[in-house]
Amino acid sequence: MSNLKLAIVGNCTYNALVDTQACVHWCCMPRFDGDPVFCTMLRKEKDLGFFDVLLDDFLVSEQKYVKNSAILSTTLLNKTGDAVEIVDFAPRFKKFGRFFLPNMFIRKLVPVKGLPRIRIRLRPTFGYGWGTPEKTRGSNHIRYLLPTFTLRLTTNAPVSYIDDETAFLLEEPIYLILMPDESLMSSPAEVGEEFYRKTLDSWTDWSQQLSIPYEWQDAVLRSSITVKLCAFEETGAIMAAATTSIPTGTDNNTTSDYRYCWIRDACNSVRTLNSLSATQTMESYIRYIQNITSMDAEHGGMLAPVYGIALEHRLVQRDIDRLPGYRGKGPVRIGNQDWQKVDHGVFGQVVLAVSHVFFDRRVSRPGDISMFNRLELLGERALAFYDKPDHLTFPWADPEKRVHVYSAAMCWAACDRLATIAGLLQLPDRCRFWRTSADSIRASVLEGGWNAESKFLSRAFNEGVSDVTALLLPEIGFLPHNHEYFLSTLAHIENTYLRDGFIVPDPVKSPDTGSIVATFWYIDAVRGVGRAAEARKLFDHVLEHGTELGLFSENISISTHELWGNFPCTASGFHLIKCAATLSQPWHEVV
């Protein structure tokens with residue numbers, strides 16, 4: 001596979017990535033971080049681990065999402081004018097008062113013009129591309145015997161044609177329902193149509209409840225649905241991306257498994273979900289974060305930078321040598337070594353994220369004194385460790401431990417928000433304590449982090465190296481946008497890291513790798529200092545470089561504008577939504 005022009009289909013339990021010709025290249029089951037049953041995006045050859053439909057004399061394809069949904073429509077056209085539409089979706093709807101989210105991938109094939117001759121190829125795998133499952137056949141199904149579970153394809157198409165990959169004329173709609181080894185209670189056509197209708201209604205209802213800006217509505221809606229697809233319904237966790245081991249750039253073969261939840265994204269995730277009025281998703285995510293804080297006593301009172309989607313703490317990293325990787329750029333990795341790192345910024349991220357439940361009247365479980373007491377434990381650690389060396393866990397970060405300015409500022413944010421919450425709860429002594437603590441940390445950070453000679457806020461205390469994480473300081477309230485330190489730092493970042501409208505976080509080691517996430521940080525900073533017209537232009541420039549369906553990965557090549565990094569990247573989606581909301585013309589000025 002040579003590009004990331006992919007669509008995502010899923011139901012908040014599993015996801016599938018589908019290319020522009022309706023080939024499923026990636027799909028992990030039974031959940032996001034499972035063994036992929038389709039994985040050709042990381043294989044050298046397309047011989048195993050995919051699900052596609054081939055049209056004789058294929059010429060061109062057209063692809064779109066059904067409006068305001070995660071249902072994908074791909075139309076294949078051939079040289080003689082025949083055409084077939086392939087509709088892909090994962091069922092998601094309310095049943096018995098709760099969401100029905102089966103490990104079921106439904107594919108509907110419809111002849112839309114002429115008499116298309118097609119070939120269906122279904123070749124699942126297991127063991128991260130290692131094995132080919134045995135097959136057994138029934139009258140209307142094929143069973144694929146994987147080591148941990150069995151997949152069953154039930155269809156109204158001739159089973160022999162699928163089993164033998166025989167080309168045949170598509171004269172009427174056929175349904176391909178791939179799921180665990182269970183019998184359908186109705187015909188494939190009845191199940192497919194019923195589940196399609198209910199899934200479309202479910203996504204439409206969810207989208208209609210969102211609060212979106214007047215401008216860039218399509219981009220915001222698509223990013224919102226994509227982020228939602230990366231939220232694990234069972235626990236509330238939001239993974240960083242759906243894939244593992246897509247290299248970060250053309251000039252950097254760094255690969256990581258992103259199918260986990262990084263605490264560094266917690267604050268922005270909650271704020272963005274709140275601004276969208278996606279209250280239930282926000283509250284589920286906050287509960288996931290609260291569960292993490294309840295585990296800290298098991299691990300020496302410290303929080304890890306990253307956790308599994310079901311609260312797994314040990315994410316031991318190992319390489320899968322049998323998969324060569326995306327474009328042959330390995331290694332392919334399972335697990336992530338970030339769980340072993342020390343990131344003091346997580347204390348502030350958690351406090352900022354959870355603080356919403358003290359102020360938002362919509363949540364079902366509002367914050368109380370007991371929750372405040374648990375957050376104070378994090379505040380105490382922030383106060384104790386803000387000036388101690390830690391790691392930055394952003395992809396471009398140097399692996400060495402330092403007293404990072406960003407981490408220290410996040411520790412300040414923990415104390416600052418605890419003071420605010422204490423005031424709300426009418427605890428004047430605790431309010432004074434945390435306000436004094438926050439003021440002390442802030443003074444220390446400004447003294448140790450400001451490089452008076454070069455006029456910028458440094459990456460770490462008492463050093464002369466900068467870092468683009470300084471762009472986030474106004475977002476957490478540490479400095480106002482008009483503060484002289486921030487204005488000077490912003491000018492330095494523009495001169496040092498801005499290339500062709502994108503932020504390049506490591507211009508020495510990776511000069512061709514632009515960070516889409518950091519570019520959205522920059523756009524928000526430009527808006528904040530009063531350069532709104534420039535920020536809008538930069539924002540439109542970034543939107544032009546997503547996929548045709550409006551999805552983004554983590555990075556972009558400055559020279560070729562190809563997307564790189566794990567896909568789709570939820571941090572890119574969250575920051576896109578935020579930028580659109582702050583840059584858009586207000587509704588009341590239009591209608």
| request: Measure nothing but the geometry: give the 0 to 90° angle between the long axis through the Cα atoms of 345-354 and the longest principal axis through the Cα atoms of the chain, rounded to 10°. | output: 70
| From phi via Karplus (6.51, -1.76, 1.60), per-residue ³J(HN,Hα) for the stretch 465-476 in Hz, x at Gly/Pro | 10, 9, 7, 6, 5, 4, 4, 8, 4, x, 4, 8
| field | Equivalent ellipsoid, the stretch 312-411 (semi-axes from 5 times Cα gyration tensor eigenvalues, Å) | value | 33, 19, 12
| Can you list the HN-Hα couplings for the stretch 403-410, worked out from phi with the Karplus curve (6.51, -1.76, 1.60; θ = phi - 60°), rounded to whole Hz and with x for Gly and Pro? | 8, 6, 4, 5, 4, 5, 5, 5
| note | Counting only protein heavy atoms and rolling a 1.4 Å probe, one gets per residue an accessible area for the chain in Å² of 39
| request: Using a 1.4 angstrom probe on the protein heavy atoms only, line up 161, 522, 386 by accessible area, largest first. | output: 161, 386, 522
| message | Spelling out what I want: for every residue of the stretch 176-184, take phi, set θ = phi - 60°, compute 6.51 cos²θ - 1.76 cosθ + 1.60 (Karplus), and round to whole Hz; glycine and proline get x. | response | 10, 10, 9, 7, x, 6, 9, 7, 6
| the stretch 436-591: projected area of the alpha-carbon convex hull, averaged over directions, in nm² | 11.1
| message | On C-alpha positions alone, give me the angle between the axis of helix 279-294 and the longest principal axis of the chain, in degrees, nearest 10. | response | 60
| Of the chain, which part is the longest with no GluC sites (Glu not before Pro) in a loop (DSSP not H, G, I, E, B) and with at most 10 other C-beta atoms within 10 angstrom? | 172-399
| said: Under the √(5λ) rule applied to the eigenvalues of the Cα gyration tensor, what semi-axes describe the equivalent ellipsoid of the stretch 355-466? Give them in Å, descending. | reply: 30, 16, 11
| For the chain, what relative contact order do you get, as a whole percent, if you take Cα pairs closer than 8 Å and at least 6 residues apart? | 12
| Of all the Cα-Cα pairs you can form in the stretch 226-298, what percent are over 14 Å apart? | 64
| field | Summed side-chain charge close to residue 15 - residues other than residue 15 whose Cβ falls under 13 Å, Lys, Arg +1, Asp, Glu -1 | value | +1
| By how many degrees, 0 to 90 and rounded to 10, does the Cα axis of helix 217-229 deviate from the longest principal axis of the chain? | 80
| remark: Probe 1.4 Å, all chains present, heavy atoms only: residue 31 accessible area in Å², nearest 10, is 60
| request: For the chain, just the Cα set please: Rg and Dmax, both in angstrom. | output: 24.7, 79
| task | Summarise the long-distance tail of P(r) for the stretch 54-134 by giving the % of C-alpha pairs beyond 14 Å. | result | 71
| remark: Bridge orientation stat for the chain from DSSP, antiparallel percent rounded to 5, came to 100
| Farthest toward positive dipole pole in the stretch 224-332 [+1 Lys/Arg, -1 Asp/Glu at C-beta], among 331, 304, 267 | 331
| said: Normalised by the empirical 2.2 N^0.38 Å for globular proteins, what value does the Cα Rg of the stretch 524-591 take? | reply: 1.22
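The values are calculated or read from the model by the stated rules, or taken from the named source; none is laboratory data. From a predicted model like this one, the values you see are computed outputs, not experimental measurements. Methodologically, a virtual Cβ is constructed for each residue, glycine included, from the backbone with ideal geometry; neighbour enumeration extends over all protein chains shown. In case anyone asks, the SASA skips ligands and DNA or RNA and just uses the protein heavy atoms, side chains included. Shrake-Rupley method; radii C 1.70, N 1.55, O 1.52, S 1.80 Å.
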